[in-house]
Amino acid sequence: MTIIVPSATSRRAFLAGITGLMSGSMVPAGFPRASADSSKAAKGFRLTAAPGRVSLVGKSHPDTDVWCYDGRVPGPEIRVRQGEPVRIVIENNLAEDTTVHWHGIRLPIAMDGVPGISQPPIRPGKSFVYEFTPPDAGTFWYHPHADSLQQLGRGMAGALIVGEPEPVPVDRDVLWVLSDWRLTSDAQIASGFGNGMEAAMSGRVGNTVTLNGIVSDEEPVRAGERIRLRLVNSSLARIMALRFDGHHPVIIAIDGQPCDPHEPDGGRILLGPAMRVDVVLDMQGDPGRRYQVIDDFYDGLSYWLTQLAYDGGPPLRAHLLDQPLALPRNPVPEPDLTTAQRYALHLQGGMMGMGGMTGDGASWAINGMSMTGDGQTGMSPLLTLQLGRSYILTLHNDTAWWHPMHLHGHSFRVLSRNGALVPDRQWADTVLVPSKEAVDIAFVADNPGDWMLHCHVTDHQVSGMMAILRIA
Ligand code: C2O
Ligand code: CU
């Protein structure tokens, strides 16, 4: 399936005009109680969600009106430590409700940030205190779970980095938050969020990709250094496949969870919306040279994201480090595959897929059920799982589009794709399921609550590809 986005071969052409993805129309309770951990002093943060104005494209274009945290895009990088309590006050200065979801963190349901399901929405002018103790070290992120299309699409997202107890031996720890925007020629965010046609296809793929909030020409590096590069895809819909010219990135973690260090298939790092990949990059290029980082996920629409720009100085070390870097495992419970109960989940709908669009504003479904918006109070669960039991879910993608499927509150093992075993059965919290493929995931239902399972292409989520898994 070729998805048509404005040609990005010359990135400067991005803003030349805004083109739609398809021809034609561009129309557009009782809540669980937080059990605060008061035993240890929590590390405190305070973030304000509000409109802001930032430079996304650089001096050649006007600043962009955004919605963001603390006036910044991406939001402030929150750095905490594994096993240490965190307290984050979110103040809502938007003109509408919001919440924050701490994507990938295995936390209590009351802190999960789903309005109407795990907490009441944070009203304008009000605040909410999130308190949790991250059990896993790794690269996570945060984003709203209310009016998600607009709030995420207008800039509300940031990285949440949970540090290992022992420092990891690299020369630098570098974070790239990658975000896709649909901008007009004067660098403003294009309207038309929630376009029904688009929702039933690729979702809102944009025309401008920023690295840490700005279109990047180059990122400075030094010959011989070893960096840990944390990649976060905070896009609404854009899937990325990154290649590092002249370099051999080694994947050491996926969705925050360590894996056997390995080079990606074909040298391309696949990064669907909401996914994170940590790589070790040994800077083997020549001093003074530049090397492109290319995203070529969509056929014929490759563009360069940035360039690794080597300074002219002598290499940091005479010989590159050659010992691999393996991260310590996180305490994720191991599913028991011999006793696990199996369920088949069919991802359905969309244009050119089976079933097409249903009449009620939903374009997508999971096993015939469509939960729309950001979560609906009183929605009955798709599955009720027994606390402490192991489960294997087969996600069958019956549609013509790819879906990055995310489960809240848990990390799962990706066991197999189309029946073929996945090496190392990597852990993940968001798994990309290509069109017409099936993926087996396994996890222990160890976290009680009503947890969302949804596609992280936000248009797909809000138009029905979402369900609740109840664990009790
Ligand atoms: Cu990052 Cu419910 O999502
Ligand atoms: Cu999807």
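The values are calculated or read from the model by the stated rules, or taken from the named source; none is laboratory data. Quick caveat, the model's predicted, so the values are computed rather than measured. Reconstructed Cβ throughout: ideal geometry from the backbone, glycine too, with neighbour counts over all protein chains shown. In case anyone asks, the SASA skips ligands and DNA or RNA and just uses the protein heavy atoms, side chains included. Shrake-Rupley method; radii C 1.70, N 1.55, O 1.52, S 1.80 Å.
Some values worked out for this structure:
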| item | result |
| --- | --- |
| Residue check, T458 in contact with a His (Cβ under 6 Å, 6 or more places away or on another chain) and of a type in the set (S, T, Y) | no |
| Qualifying residue in region 266-283 (condition: charged (D, E, K, R), under 15 Å from I294 (Cβ atoms), open to solvent by 30 Å² or more (accessible area, probe 1.4 Å) and part of a strand (DSSP E or B)) | no |
| Residues of region 252-286 that turn out to be under 26 Å from A223 (Cβ atoms) and touching an Asp or Glu at 6+ places or on another chain (Cβ under 7 Å), as a count | 3 |
| Out of H460, H410, H406, H454, sole residue that is open to solvent by less than 20 Å² (accessible area, probe 1.4 Å), within 16 Å of ligand 1 (Cβ to nearest atom), closer than 21 Å to T372 by Cα and outside any strand (DSSP E or B) | H460 |
| Condition broken by A318, with the remaining ones in (1) open to solvent by 70 Å² or more (accessible area, probe 1.4 Å); (2) within 16 Å of ligand 1 (Cβ to nearest atom); (3) of a type in the set (A, V, I, L, M) satisfied | (2) |
| Subset of region 69-88 (residues that are open to solvent by 10 Å² or more (accessible area, probe 1.4 Å), part of a strand (DSSP E or B) and farther than 26 Å from P165 by Cβ) | R72 |
| Whichever residue in region 98-133 is small (G, A, S) and open to solvent by less than 10 Å² (accessible area, probe 1.4 Å) and, among such residues, is modelled with the lowest pLDDT | S118 |
| Spans of strands (runs of 3 or more DSSP E) in region 361-402 with at least 1 residues farther than 21 Å from S202 by Cβ, open to solvent by less than 60 Å² (accessible area, probe 1.4 Å) and in contact with a Lys or Arg (Cβ under 6 Å, 6 or more places away or on another chain) | 390-397 |
| Restricting region 436-453 to residues that are farther than 20 Å from G350 by Cα and small (G, A, S), the residue that is nearest to the chain's Cα centre (by Cα) | A442 |
